[in-house]
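Structure record follows, encoded as structure tokens.
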Amino acid sequence: MRPSNILRSATFRLALTYAGLFAISAGTLFLIIYQAMAAFEEHQIRKSILAESNALFAESTINGGNSIAAEIVIRSQSPGHHLFRYGLRDAAGIVSGNLLQLPKELGWQYLEQLETDLSSELIDAHAHYFIYGADAPGGGQLFVAQDTESLEELREAIINTFLWGGGITVGLALLGGLATSWRFLSRIERINTAAQRIMDGAFGERVPLRRGSDEFDRLAGNLNRMLDRIEVLIDNQKRVTSDIAHDLRTPLTRLRQDLDEARSKSTTVQDYGAVIESAIGDTDDILRTFGALLRIAEIESGEQKSGFVAVPLSELLQRLAETYAPVAEDSGHRLVTEIEPGIVMRGDKSLLTQLFANLCENAIRHTPPGTEITFGLRKGARELLGEVTDNGPGVPAGERARVFRPFYRLDESRSTPGSGLGLALVAAIARLHGASIALEDASPGARFQVRIPVGGPT
């Protein structure tokens, strides 16, 4: 996989977006922390300056106002007070202490550059100070200052920490974006490779799956199921095309032979009339076959789902049983019902009628006289179960899954009228309604089961 593909991928762009958002969020957090920590350190410096000033004032109150100058000298030379600078301006304007240049105003001042006594090793002519001035007891003005070195060090430490931490984090985010993009693209590439092979004609190719349950595995699984379905449809199309050619060849050949025979041998109106009747019958068979195929294609398209309504299925099957009871009786069969009342589902009423009518006609046509045919319908916890059961000879186990194919007919049924599309139509209607249909052994006989999920198709 080329690096340029990774850099142009949507995943990498998304990683860049999130890295940018993280950088903005981290920068905002840095500013808040920076301001809070600097304000806290500045507050501590001011607090210590005030405490030192109050201590000098207290000492002056105890020992008299003149003792403050002596105390400044002592504190200036004490290692415990090396952080502070002192200045005392008396009433005559004479300045003492190690702050030789004092502000003119009292209160808080910030001096970015302060001229100091260069003879002292503790004094820095270029230091920055917070300085506080107040009236001293006994007259004069007292100034206490502390350099801001600790505040500057704190600010520098916060900035360096943020730059290193932010740089490392953004770098890791970019590396993570590259790694994630490579991982996603590699899996997408496998899907694209499989799709390309399928487009080239390898219809058995499938998207490789990993042992996981992430979104790519679910996508690959759905694609594979879709490909399985497409492969089945393609195989069905090939088989149906072959079956159409095979099944229509007979009536078309017979039609041509009749017409050719009429042209060469018929001499009377009666002869021509008989040929015409036979030709019309063959043409009707062909048209019925094409009509059934078009009906199946229409149902498979799923367009009729938009017209689904609530269908009283129990009433529909009951009326259908009443309709077919005389037909079954005329052919020597007996039709009984085991229908649970009050069952309703969403669907197409005419198609559901055709589904169960085809199953009933199939049972009447392919079972001997004396067979009992049962219409059944009941509601379970998760599905509706419709059944058409007979106690006839049944269907061999190896043939049960094939009876729903278009044009498929059992050997013993090839002599009976029909195109072999009735059960294919039943299967298409069942799929349209989100149902499954199966042929089972009724011991004796055959049982067609239609399982419809409760709530209808989605």
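For the range 394-450, which positions are among the polar types (S, T, N, Q) and modelled with pLDDT of 75 or more?
Residues satisfying the conditions are S436, S443, Q449.
Which condition number does F308 fail, the rest of (1) of a type outside the set (G, A, S); (2) open to solvent by 10 Å² or more (accessible area, probe 1.4 Å); (3) over 24 Å from R451 (Cα atoms) being met?
It fails just one condition, (3).
Using the structure shown, decide if E383 is at pLDDT 80 or above, more than 25 Å from T323 (Cβ to Cβ) and either open to solvent by 30 Å² or more (accessible area, probe 1.4 Å) or touching a His at 6+ places or on another chain (Cβ under 9 Å) (or both).
Spelling it out, E383 is indeed at pLDDT 80 or above, more than 25 Å from T323 (Cβ to Cβ) and either open to solvent by 30 Å² or more (accessible area, probe 1.4 Å) or touching a His at 6+ places or on another chain (Cβ under 9 Å) (or both).
If you go through the range 424-444, how many residues are open to solvent by 20 Å² or more (accessible area, probe 1.4 Å) and over 16 Å from E387 (Cβ atoms)?
2
Going by the structure shown, is S53 open to solvent by less than 30 Å² (accessible area, probe 1.4 Å), at pLDDT 80 or above, among the small types (G, A, S) and touching a strand residue (DSSP E or B) at 6+ places or on another chain (Cβ under 8 Å)?
So S53 fits the description; yes.
Is there any pair with a first residue in the range 40-56 that is within 15 Å of Y129 (Cβ to Cβ) and a second that is surrounded by fewer than 17 Cβ atoms within 10 Å (Cβ to Cβ) whose Cβ atoms are under 7 Å apart and which are 6 or more apart or on different chains, and what are they?
Every condition considered, the pairs that remain are E41/S150; S53/A134.
Per-residue answers, yes or no, for (1) surrounded by fewer than 17 Cβ atoms within 10 Å (Cβ to Cβ); (2) touching a strand residue (DSSP E or B) at 6+ places or on another chain (Cβ under 6 Å); (3) within 19 Å of I32 (Cβ to Cβ):
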site: H128; (1), (2), (3): yes, no, no
site: G133; (1), (2), (3): no, yes, no
site: A136; (1), (2), (3): no, yes, no
site: L142; (1), (2), (3): no, yes, no
site: E149; (1), (2), (3): yes, no, no
site: A157; (1), (2), (3): yes, no, yes
site: G165; (1), (2), (3): yes, no, yes
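Is there a residue in the range 354-361 that is outside any helix (DSSP H, G or I) and either modelled with pLDDT under 90 or more than 39 Å from the chain's Cα centre (by Cα) (or both)?
So far as the range 354-361 goes, no, none of its residues is outside any helix (DSSP H, G or I) and either modelled with pLDDT under 90 or more than 39 Å from the chain's Cα centre (by Cα) (or both).
Does the range 260-290 hold any residues that are open to solvent by 90 Å² or more (accessible area, probe 1.4 Å) and at pLDDT 80 or above, and which are they?
Within the range 260-290, I276, E277 meet the criteria.
Hey, among I343, I339, which residue is touching a residue at least 12 places away in the same chain (Cβ under 8 Å), farther than 21 Å from G422 by Cβ and open to solvent by less than 20 Å² (accessible area, probe 1.4 Å)?
Only one candidate qualifies: I343.
Assess whether E59 counts as being surrounded by 13 or more Cβ atoms within 10 Å (Cβ to Cβ), farther than 23 Å from I168 by Cβ and at pLDDT 80 or above.
No.
The values are calculated or read from the model by the stated rules, or taken from the named source; none is laboratory data. Quick caveat, the model's predicted, so the values are computed rather than measured. Positions of Cβ are backbone-derived with ideal geometry, glycine not excepted, and every protein chain shown enters the neighbour counts. Heavy atoms of the whole protein, side chains included, go into the accessibility calculation; ligands, DNA and RNA do not. Shrake-Rupley method; radii C 1.70, N 1.55, O 1.52, S 1.80 Å.
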